[in-house]
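Quick notes on the structure that follows.
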Amino acid sequence: FLKLSALGLRIVVVGEVGTWVVELEQSGIVHKVVILPDVSTRKQDAELRDDVLQAVLAASVGEIHGVYNAYNKYLLLSSLVAESLGVITNSYESVRRCVFKHETRACLIAEGLESWTTVSFTSLEEMETVAPFMRYPAVLKPAKGSGSVGVVKVSCADEALQEFAKQAVQLPAGTVYILEEYIDGPEFGVELVMEAGTVVFCSVM
């Protein structure tokens with residue numbers, strides 16, 4: 001925020017109740033902080049998009065040049081807002097394919113790229129039809145999320161079903177989960193910066 005402010009940008013931050021960014025408005029680093037109540041309890045990105053757009057436009061900052069997302073859980077919402085404002089962004093559909101892991105795997109397979117065995121489900125009944133046929137050990141995790149939240153390694157179908165039953169009671173009905181083949185070995189992360197479909201920066205960690 002300090003660097004953006006130093007460039008002369010007028011920054012509007014849309015946040016939840018209790019956000020620390022309020023202090024930046026008081027110090028003049030950001031132009032305005034807009035608080036949207038109950039953000040984390042509302043699940044419809046389109047509903048939140050309309051509220052965010054209304055809040056940003058009401059802040060009267062003039063021409064809007066970009067939308068920045070500070071938290072992974074709002075990636076889809078940010079892409080919807082950016083598309084609606086007509087600023088440069090990845091499309092909602094492309095972001096969705098990255099956010100939902102089972103859709104990422106499906107895209108890899110559709111393009112003829114090698115992928116590992118993955119099944120998705122939203123209920124214990126659905127899981128019972130696929131879990132016995134998975135190769136174990138396997139990894140159970142939410143299809144959407146980050147920071148390894150809800151990720152667990154399971155050694156057999158019974159353990160996978162028990163773990164899902166424990167987690168499912170804490171999540172909204174219809175939450176998509178995936179069970180996928182566990183692959184042992186060193187882990188690498190690849191970060192790309194793309195421009196018009198061309199890789200302009202690549203980092204392998």
Could you tell me the center-to-center distance, by alpha carbons, between the stretch 158-199 and the stretch 102-117 in angstrom? 13
Kindly provide the GluC sites (Glu not before Pro) of the stretch 155-190 that DSSP labels as loop, not H, G, I, E or B, and whose Cβ sees at most 12 other Cβ atoms within 10 Å. Glu187
Please tell me the relative contact order of the stretch 2-95 in percent, rounded to the nearest whole number, where contacts are Cα pairs under 8 Å and at least six residues apart. 21
Nearest 10 degrees is fine. How inclined is helix 157-168 to the longest principal axis of the chain, computing both from alpha carbons? 30
Taking Cα atoms only, helix 101-110 is inclined relative to the longest principal axis of the chain by an angle, in degrees rounded to 10, of 70
Placing each pseudo-label 7 Å from Cα in the direction of the beta carbon, Leu124 and Ser203 end up separated by a distance in nanometres of 4.3
Can you give me the long-range amide H partners of Tyr182? Hydrogens built in the peptide plane at 1.01 Å from N, cutoff under 5 Å, separation of 5 or more residues or another chain. Ala138, Val139
Assigning unit charges at the beta carbon (Lys, Arg +1; Asp, Glu -1) and nothing else, what dipole magnitude in debye, to the nearest 20, does the chain show about its Cα centre? 420
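Within the chain, which is the longest segment that contains none of the chymotrypsin sites (Phe, Trp or Tyr not before Pro) sitting in a DSSP loop with at most 13 other Cβ atoms within 10 Å?
Working: sites that count: Trp20, Tyr68, Tyr71, Trp116, Phe188.
Counting only loop sites that pass the neighbour cut-off, the longest clear stretch is 117-187.
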Straight-distance crosslink candidates among lysines, where the alpha carbon sits under 22 Å from Lys144 and sequence neighbours closer than 8 are dropped: Lys43, Lys73, Lys101, Lys153, Lys166
Taking 8 Å as the Cα distance limit and 6 or more residues as the minimum spacing, I'd like the relative contact order of the chain as a percentage. 13
Exactly which trypsin sites (Lys or Arg not before Pro) in the stretch 125-168 are in a DSSP loop and have at most 15 other Cβ atoms within 10 Å? Arg135
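FYI, it's all coordinate maths here, none of it is from the lab. This structure is a prediction, so every number in the text was calculated from the model and none was measured. Cβ sites come from the backbone with ideal geometry, for glycine too, and all protein chains shown count toward neighbours.
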